[in-house]
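Structure first, commentary second.
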Amino acid sequence: MEVIRGIENWKKVNRPVVTVGSFDGVHLAHKAIIGLLKHYAELCGGTSVLITFSPHPRLVLHAYDAYARNFGLLSSDEEKTVLLERAGLDTVAILGFDEAFSKMPYDVFIEKILVETIGVKKMVVGYNHNFGYGRAGSYEQMSEYGKRYGFEVDRFPEQMVHRQHISSTHIRSLLEEGNVAQAHDLLGYEYGITGIFRNGLFNSVDPHKLLPGKGHYLVKVKNREKHNFTVCRIADTVTFPDLHTIEDGETVRMNFIKKLHLSGDN
């Protein structure tokens with residue numbers, strides 16, 4: 001998979017089949033969209049292209065968005081890139097997102113980025129995808145521009161698992177409630193966080209990564225080549241009360257297994 005950082009570094013590819021979005025967490029619905037994208041690229045002898053943003057738009061718009069003030073990411077940029085590569089994409093373009101970019105009207109995004117720069121031949125969009133300044137762009141408007149500029153647009157339907165709607169927002173809510181097992185069902189993998197163990201505390205290397213809700217969790221901890229199953233306590237700090245094999249300053253990967261209901265927890 002080729003990773004292109006910044007639209008100014010775009011390199012022309014053969015018959016690009018494109019999707020656009022934040023793809024935070026690269027959950028099962030994202031993977032289904034990517035699967036369709038790859039299928040269309042294979043049919044036309046083209047290139048699967050996913051356009052995403054860094055930082056996540058919510059982190060830029062937090063001053064204007066009450067929800068975003070307490071926003072937590074499901075995946076860091078590094079984690080998302082790894083997940084997208086595993087999904088088998090040809091090309092990922094990571095566009096810098098700032099306040100000026102956020103004010104780009106949807107028609108300018110289509111004409112200047114998708115048509116003139118990328119050279120899109122087919123678009124795949126999610127069922128509720130909106131884009132451009134004020135999220136004013138929609139599937140219907142994308143389709144109209146497709147007719148004008150000669151590219152096709154396909155809308156991917158809503159995805160469900162065990163009667164649960166799959167979205168990054170819903171997965172964040174499940175994690176905030178401590179429902180990590182249900183979140184895993186929708187992600188398709190175990191949710192985890194990488195951090196530094198210092199002075200007895202776990203500190204995430206990405207301050208924007210979402211911590212599950214307060215309480216005790218069964219977790220799988222990897223430090224160096226060692227793996228341990230232990231209990232993590234999330235309160236005002238994050239600790240491993242019964243794990244004594246981590247040295248101060250070590251990098252630790254912690255995957256959540258399930259929430260434990262211990263005496264004294266709310």
Determine, yes or no, whether E99 is in contact (Cβ under 8 Å) with a residue 12 or more places away in the chain, surrounded by fewer than 19 Cβ atoms within 10 Å (Cβ to Cβ), under 27 Å from L61 (Cα atoms) and in contact with a helix residue (DSSP H, G or I) (Cβ under 9 Å, 6 or more places away or on another chain). yes
Of the conditions (1) surrounded by 15 or more Cβ atoms within 10 Å (Cβ to Cβ); (2) at pLDDT 95 or above; (3) not polar (S, T, N, Q), I196 satisfies every one except a single condition; which number is it? (1)
Which of the residues belonging to region 216-266 are surrounded by fewer than 17 Cβ atoms within 10 Å (Cβ to Cβ), part of a strand (DSSP E or B) and in contact with a His (Cβ under 8 Å, 6 or more places away or on another chain)? K220, V231, L260
What is the one condition in (1) farther than 29 Å from H30 by Cβ; (2) at pLDDT 95 or above; (3) not hydroxyl-bearing (S, T, Y) that N203 does not satisfy? (1)
Tell me, yes or no, whether region 79-101 has at least one residue that is more than 23 Å from L43 (Cα to Cα), modelled with pLDDT under 90 and not hydrophobic (A, V, I, L, M, F, W, C). yes
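Taking the conditions exactly as written (within 15 Å of V124 (Cβ to Cβ) and buried (at least 19 other Cβ atoms within 10 Å of the Cβ)), does L84 satisfy them or not? Let's see the steps before the verdict.
Numbers: within 15 Å of V124 (Cβ to Cβ): yes; buried (at least 19 other Cβ atoms within 10 Å of the Cβ): yes.
Criteria met by L84.
The values are calculated or read from the model by the stated rules, or taken from the named source; none is laboratory data. Bear in mind the structure is a predicted one, so any value in this text is a computation, not a measurement. Ideal geometry is used to build each Cβ from the backbone, glycine not excepted, and the neighbour counts take in all protein chains shown.
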